[in-house]
Amino acid sequence: MLIGEIFDEFISVIHENQKYVIGIINENKEVTLCSDRNLLGNTIDFNRPDKNNVFFEVNVKGQEFGYLWVNGHDDSLQMIGNLLHESLTVRLMFEINQANLNRKITKDDELVKCLLNEKDFDNKRIIDLMDDLGLNKDKTRVAIYMISSRGDVKTQDVARLKMNPDSQQIIYSLLNDRCLLVYKDIPDKLKEKEEIEEYIQKYIHNLIDWDFHDFYYFVGSIQHKLRQYVSSYQHCLWLKNNVKYEKNVPIFFEKYVTEYFLSKIDVKDVESVYNYYIDKGKEIDFEELTEISEALLNNDFNLTQAAESLFLHKNTLIYKLKKLEEIFQIDIRGSFQGKILLILISHAVKEQSNKVQVGD
């Protein structure tokens, strides 16, 4: 019984001052808890206070815990009773809030488990859980996958996060001892990619300030549909497995979308088409090919900017591109298709090179 555990702490206070007796009286006017155990079971009418006995109804968040009874023989009885009643109420309030919070965390865990279950996606169960948690199912959210580099993440740490007023629409779940998955809500007023990134950056900086430092942060794709929440999480995992990262520096999936889609292309398919041309161009510096294609991609195929990023003269870059056009028989400078094919060929060559380096 919650109040029984808390009442033991009050008994220790009374033991320091034998002038007072405190107890809890139920609705049948029976003493159920008392600092003087000899009085347990006695009947005392809480409707009849006098100079030696004061009574206070204990009702916290709609839960009735009976009446606090304080007995003493001095002029400070009423004041002492008020202080004890206030202290008991505050403590009960804290414990109830904590219990509710723990229940919410458990429901958060169940909700995330349902959201990540692609095979047996139970939309009704998910909506019911979100209603129980007071979560808006129509909110836009993004997955933030956090991995601790310094030890286990405690349930108390997650509870501390949920107590923040700004956390009402955020979903938290400890996937294991070191990994916390957060679905952060995005305000409707934010439309531009840069605005959203700045908002998420600020949230993560707050997490770091709240002692969630020495974490790796992976930010997935922005999603509006519940069924797509799992994709945002999967994109976090892709970042973890494919991108270099460091502590306390968020990695955003949006910055690696091109690399993500390229990673979905079967390199063997590209090789099967262009293997002849690759073999024919044995004199090609394939590392340089990769650098050129990445520079062009990062600069939207602007030759001047790409050349500057490569520390080349523009004419030198054009010369190298002409050579690649001749070898692969594609129009890189004037054709959109040629640009795409250059990126695919470069990606295939890079992946093949990586496989050779690891001994595949």
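Pick from segment 205-215 the residues that are touching a residue at least 24 places away in the same chain (Cβ under 8 Å) and not in a loop (DSSP other than H, G, I, E, B): which of them is most open to solvent (accessible area, probe 1.4 Å)?
Selected residue: I208.
What's the number of the condition F46 fails, among (1) open to solvent by less than 80 Å² (accessible area, probe 1.4 Å); (2) touching a helix residue (DSSP H, G or I) at 6+ places or on another chain (Cβ under 9 Å)?
It is condition (2) that F46 fails.
Could you list, in sequence order, the residues of segment 299-321 that are among the aliphatic types (A, V, I, L, M) and in a helix (DSSP H, G or I)?
L303, A306, A307, L317, I318, L321
Look through segment 156-178, keep the residues that are in a loop (DSSP other than H, G, I, E, B) and of a type in the set (A, V, I, L, M), and return whichever of them is modelled with the highest pLDDT.
Ranking the qualifying residues of segment 156-178, first place goes to I170.
Can you tell me which residues in segment 193-202 are surrounded by fewer than 19 Cβ atoms within 10 Å (Cβ to Cβ) and not polar (S, T, N, Q)?
Matches in segment 193-202: K193, E194, E195, E197, E198, Y199, K202.
H85: surrounded by fewer than 12 Cβ atoms within 10 Å (Cβ to Cβ), in contact (Cβ under 8 Å) with a residue 12 or more places away in the chain and either within 30 Å of I44 (Cα to Cα) or in contact with a Ser or Thr (Cβ under 6 Å, 6 or more places away or on another chain) (or both), yes or no?
Taking the combined requirement at face value, the residue does not satisfy it.
Determine whether N97 is modelled with pLDDT under 90 and assigned to a strand (DSSP E or B).
When the stated conditions are applied, N97 does not pass them.
Say we look at segment 236-259 and pick out the residues that are assigned to a loop (DSSP other than H, G, I, E, B) and open to solvent by 70 Å² or more (accessible area, probe 1.4 Å); which of these is farthest from E294 (Cα to Cα)?
Taking the candidates together, the pick is K247.
Kindly establish whether S231 is in contact with a helix residue (DSSP H, G or I) (Cβ under 8 Å, 6 or more places away or on another chain) and either surrounded by 15 or more Cβ atoms within 10 Å (Cβ to Cβ) or small (G, A, S) (or both).
no
Kindly indicate the residue of segment 151-167 that is farther than 16 Å from D209 by Cβ and among the basic types (K, R) and also most open to solvent (accessible area, probe 1.4 Å) among those meeting that condition.
K154
Residue by residue, here is whether (1) within 30 Å of Q201 (Cβ to Cβ); (2) out of contact with any Ser or Thr (no Cβ under 9 Å at 6 or more places or on another chain); (3) in a helix (DSSP H, G or I); (4) open to solvent by less than 80 Å² (accessible area, probe 1.4 Å) holds:
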| position | (1), (2), (3), (4) |
| --- | --- |
| F261 | yes, yes, yes, no |
| I265 | no, yes, no, yes |
| N275 | no, yes, yes, yes |
| D279 | no, yes, yes, yes |
| I284 | no, yes, no, yes |
| K323 | no, yes, yes, no |
| I345 | no, no, yes, yes |
| V349 | no, no, yes, yes |
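This table checks each residue for (1) closer than 24 Å to N117 by Cα; (2) in contact with a Ser or Thr (Cβ under 7 Å, 6 or more places away or on another chain); (3) of a type in the set (S, T, N, Q); (4) in a helix (DSSP H, G or I).
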site: R150; (1), (2), (3), (4): no, no, no, no
site: Y183; (1), (2), (3), (4): yes, no, no, no
site: Y203; (1), (2), (3), (4): no, no, no, yes
site: Y217; (1), (2), (3), (4): yes, no, no, no
site: G220; (1), (2), (3), (4): yes, yes, no, no
site: Q234; (1), (2), (3), (4): yes, no, yes, yes
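Scan V70, V90 and give me the residue that is open to solvent by less than 70 Å² (accessible area, probe 1.4 Å) and β-branched (V, I, T).
V70
The values are calculated or read from the model by the stated rules, or taken from the named source; none is laboratory data. Predicted model only: the values in this text are computed from it and were never measured. Note that we place each Cβ from the backbone using ideal geometry, even for glycine, and neighbour counts take in every protein chain shown. Accessible surface is based on the protein model in full, side chains and every heavy atom, while ligands, DNA and RNA are left aside. Shrake-Rupley method; radii C 1.70, N 1.55, O 1.52, S 1.80 Å.
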